[in-house]
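Engineer: I have a structure I would like to understand better, so I am pasting it below and will then ask my questions one at a time.
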Amino acid sequence: MSKIFWNFLVFSPAVLVATVAASSTAVAIENKNYDTVIQPQAATTETLETQGTQLLAQIPGTNSANSVTNTPRTTIQQINRYGREGRNLRQPGVPRDAKGQVTSVNQLSDVQPTDWAYQALQSLVERYGCIAGYPDGTFKGNRALTRFEFAAGVNACLDRITEVIQSSLGDVVTKDDLAILERIQEEFAAELAIIRGRVDSLEARAAELEANQFSTTTKLTGETIFAVVDNFENEGRYGVFGEGRQDEDQTAFQYRVRLNFNTSFSGEDLLFTRLQASDAQAFNQGISEAQGTQTFNINNTGNTFALDKLFYKFPLKDNIRVTLAANNVSWYDFVPTLNPYMEDFDGGSGSLSAFGQRNPIYRLGGGAGIGVEYDFGCKDKYACSHSPFSLSFGYLAAEAENASDGKGLFNGDHAALAQLTFTPVRNFQLGLTYNYGYFGPGNFGFDDGAATGIGANSGFVGTGIANSVYGLNAGINNRRGPNNIAKSVVTNAYGVEVSWRAASWVTLNGFGTFIDGKLSGLGDFEMWTYGANLAFPNLFREGSLGGIVVGREPYMNGLDVPRGLGTGLRQDQSWHFEAFYKYQVSDNISITPGLTYVTNANQSDDNDDLIIGTLRTTFQF
């Protein structure tokens, strides 16, 4: 059989069918005790893919003399194409036996009786069971194939024929037939040797991976948010003491991009690095920016990528997990907030507002430090039992990197938090939280320890007065100057969180916090915040979420300072109402329309109510 003829055979799988069928029509071996032919079991699709198509991802392409594809090197497109063809996507109505084997040529949807290789294919499928086809019920006879694929196909059929010969259960096989088989094996001996070598190499590599079971890996995930936001009612007396104005009915288009690098060195640890770029900012600068803050407004970078978060988590023991916080770490990075559907870590898949995500007690403090998670029930991996109790605690400093006097890890702004979480049953959780915080002059705010704002321009939740305690010290203005006697602030916050999954379609969450604060050398103050929300998972569509939020953002309830200071304090009730629906378009895209309504902005009825409409589109990968 000439080289020219064999090179011609690589043009199509149909040629492979015709050739092998012609060379094996009379294959059997003489045995006088039997006069029947035992049908060999068919070669499976996995055999063909393992020895042929999967090698395309690792074997350089052959030259034009050996392959009609004339591709110098296997490409990603080829790998993806062959991978798609090999998926187990059997079409409905395509019958197969218990092993998924095609038993009739008519089961191959793309083979017709008018095809020139039909009879050869029919013989291989129905007589010898040597051709399996693809799992989707096709043969793909018109697709070009390489010599490696052809060799793998020939080898699969020859293996079945050899089984028949060795079984000694057939008719007499002629010398000519055996000569043809020998020539076929010799022609493709080199290709088959390469395939076997590659398979041996793959097996060795797989064994090594199984032995080590892990290698350092970094996975990139990301999120992009496009949001159209409209402030429908925004005209009145603004500012901490009622000064300032803004235009009514203002619309903005905003975006935020997050890139997360998740790296593991042992399979049980996590080095988390996040880059963020954003131009999104909250409405109502000058009145109470924090009360209008939505999750994508947090940490505006001014259209430049910046390091947003950096920490490393690792298990100290089977029941102890440690977080080393390096940059902009928040309590919710290692403390459960007990709001499973609304909480999305300031991302674009939970509530619209920052207030709707979690108890504001988790907004007091942040930065760099250490966190610990302790499970009371799990002592080691061989004696690990569930306990209803877990403990989370940590220390974070907002100015840890600052080497100036009065700054740094222990002398600057810092906070310590501890939480006991009780989970008596699967559908119910209760959390008891304590937070101690120290904030330098001008730095207090519910801002995750950002400490970047002055007066009403700081904070992600709460009224302007609550976020600018030091501004009240000036009496009639919140600017730092000769008459400003702003002091440091010390707080003791006591919080409770509860989550109850009443049914598969609804979860109720609630929280409350009391804050006992001291203005250094001046007096005391107290703040409150509380709220509740209803989450409706998989509403109308799997992956979607409906949500309702009701509560009071952190507000100043009392201020005990010398007479003449803090005269601008107002205590009108300011309520937060929110409703949204996240529609899950696909696994990677969701659209969330919603409305946020805040009464008596900045706890003053002199200010108009805030009505903020949002249309948020979130892309995740």
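Engineer: Give the peptides 291-298, 528-535, 192-199 in descending order of average Cβ contacts within 10 Å, highest first.
Structural biologist: Averaged packing, sorted descending, gives the order 291-298, 528-535, 192-199.
Engineer: Let me ask something else. Kindly flag which residue pairs out of LYS317/LYS582; LYS219/LYS313; LYS219/LYS317; LYS219/LYS309; LYS309/LYS407; LYS309/LYS487 have an alpha-carbon separation exceeding 27 Å in this structure.
Structural biologist: Among LYS317/LYS582; LYS219/LYS313; LYS219/LYS317; LYS219/LYS309; LYS309/LYS407; LYS309/LYS487, the Cα-Cα distance tops 27 Å for LYS317/LYS582; LYS309/LYS487.
Engineer: Order these peptides, 310-318, 223-231, by their mean beta-carbon neighbour count within 10 angstrom, highest first.
Structural biologist: Highest-to-lowest ranking by the protection proxy: 223-231, 310-318.
Engineer: Please list the non-local residues whose amide H lies under 5 Å from the amide H of ASP136, H modeled 1.01 Å from N, same-chain partners needing a gap of 5 or more.
Structural biologist: Result for ASP136 returns LEU89.
Engineer: Here's a follow-up. Please report how far the C-alpha centroid of the range 254-316 lies from that of the range 579-614, rounded to the nearest whole angstrom.
Structural biologist: 21
Engineer: Which value in nm describes the separation of the simple spin-label points at ILE194 and TYR494, placed 7 Å from the Cα toward the beta carbon?
Structural biologist: About 7.7 nm, to one decimal.
Engineer: Sort 349-358, 253-262 for me by packing, meaning the mean count of neighbouring Cβ atoms within 10 Å per residue, highest on top.
Structural biologist: 349-358, 253-262
No value in this document is a laboratory result; all are computed from the given coordinates. Remember, it's a predicted structure, so these values are computed and weren't measured experimentally. So basically every Cβ, Gly included, is an ideal-geometry build from the backbone, and we count neighbours across all protein chains shown.
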